[in-house]
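Peer 1: Handing you a structure now.
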Amino acid sequence: MTTSPPRTDAPTRREQILKEAARLFAERGFHGVGVDEIGAAVGISGPGLYRHFPGKDAMLAELLVGISERLLDGGRLRVAEAGGAPEALLASLIDGHIDFALDDRPLITLHDRELDRLKDEDRKRVRQLQRQYVELWVDVVRALHPEAGEPEVRAAVHAVFGLLNSTPHLRTPLDRADLERLLRSLAHGALAALDAPAP
């Protein structure tokens, strides 16, 4: 499985601000959180945040555009490293998305609730990045299921995303390893349905 190299340096102040902003926005909604609260969460004054961001809108845009860029870049790296082996690539894409779904739950919630608050150009950028990420998956799933029609392949890919991106709503006693196994099984099960005979 492809993973990013472990970071040995501490997160920057900007990264700390974004992490706390994501958590607070996900918990209480974009309009339910003030700049002073975000500042307090990272140990600086609210006005001090303006040295890093022009305002909450800029934080939201960087969070949602940033995670879309990260998913696409990670997917492209996995494609390059798989060397044309679709089974290995699919497993790698699933593992990468599971890592995102478990590590970045506040961003999933934020996307679901607050995407429409972005400026048009930022929202279009997020959608463009997401479409490119979907295409990575569609290409590999079509290679593995050549008999399936394109609408079915796209529906299956979106079903996998729906399953994996439901993690913010999970209330389970499972530990991380067991949850990863469960999500991996569900994802593969959704895609295996492409081989099932039509009812």
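The values are calculated or read from the model by the stated rules, or taken from the named source; none is laboratory data. Owing to the predicted nature of the structure, the values given are computational and were not obtained by experimental measurement. Every residue, glycine as well, gets a Cβ built from its backbone with ideal geometry; the counts of neighbours run over all protein chains shown. When the accessible area is computed, the model is the full protein with side chains, heavy atoms only, and any ligands, DNA or RNA have been set aside. Shrake-Rupley method; radii C 1.70, N 1.55, O 1.52, S 1.80 Å.
Peer 1: Return the lysines within reach of K56: Cα separation strictly under 18 angstrom, same-chain partners fewer than 8 residues apart disregarded; answer none if there are no such residues.
Peer 2: Straight-line reach from K56, under 18 Å: K19, K119.
Peer 1: Which of rounded, prolate, oblate describes segment 98-191, given a ≥ b ≥ c as roots of the alpha-carbon gyration tensor eigenvalues and a/c under 1.5 marking rounded, otherwise prolate only if a/b is larger than b/c?
Peer 2: oblate
Peer 1: Given the whole protein assembly as supplied and a 1.4 Å probe, what does the accessible area of R105 come to in Å², nearest 10?
Peer 2: Approximately 70 Å² for this residue.
Peer 1: Just one of [x] 0.92; [y] 1.01; [z] 0.94 is Rg/Rh (Cα atoms, Kirkwood Rh) as worked out from the coordinates here. Which one is it?
Peer 2: So the calculated entry is the one marked [y].
Peer 1: Average projected area of the Cα convex hull of segment 1-112, in nm²? Present the calculation step by step, with values, prior to reporting the outcome.
Peer 2: On the way: hull surface 30.6 nm².
Here the figure is 7.6 nm², rounded to one decimal.
Peer 1: Given a 1.4 Å probe and heavy atoms of the protein chains only, how would you sort L136, L77, largest accessible area at the top?
Peer 2: L77, L136
Peer 1: Which GluC sites (Glu not before Pro) from segment 120-199 combine a DSSP loop assignment with at most 14 other Cβ atoms within 10 Å?
Peer 2: Taking segment 120-199 and a limit of 14 other Cβ atoms within 10 Å, the loop GluC sites (Glu not before Pro) found are E147.
Peer 1: In whole Hz and in residue order, list the ³J(HN,Hα) couplings for segment 55-66 that follow from phi through the Karplus curve 6.51 cos²θ - 1.76 cosθ + 1.60, θ = phi - 60°; x for Gly and Pro.
Peer 2: So the Karplus estimates, Gly and Pro as x, are x, 5, 4, 5, 5, 4, 4, 5, 5, 7, 5, x Hz.
Peer 1: Further question on the same structure: Can you give me the accessible area per residue for the chain, using a 1.4 Å probe, in Å²?
Peer 2: Here the residues of the chain average 55 Å² of exposed surface.
Peer 1: How far is helix 176-192 tilted off the main Cα axis of the chain, in degrees rounded to 10, range 0 to 90?
Peer 2: 50
Peer 1: Percent of accessible area on segment 1-153 owned by carbon and sulfur, 1.4 Å probe?
Peer 2: About 50 percent, which is the carbon plus sulfur part of the accessible surface.
Peer 1: Can you tell me what the convex hull of the Cα atoms of segment 50-148 projects to on average, as an area in nm²?
Peer 2: Mean projected area of the Cα convex hull: 7.4 nm².
Peer 1: Report, largest value first, the span of the C-alpha coordinates of segment 78-118 along each principal axis, in whole Å.
Peer 2: On the principal axes, segment 78-118 reaches 39, 20, 12 Å in Cα extent.
Peer 1: Under a 1.4 angstrom probe, counting protein chains only, how are D57, D122 ranked by accessible area, largest first?
Peer 2: D57, D122
Peer 1: To the nearest 10 square angstrom, what accessible area does S185 show with a 1.4 Å probe?
Peer 2: 80
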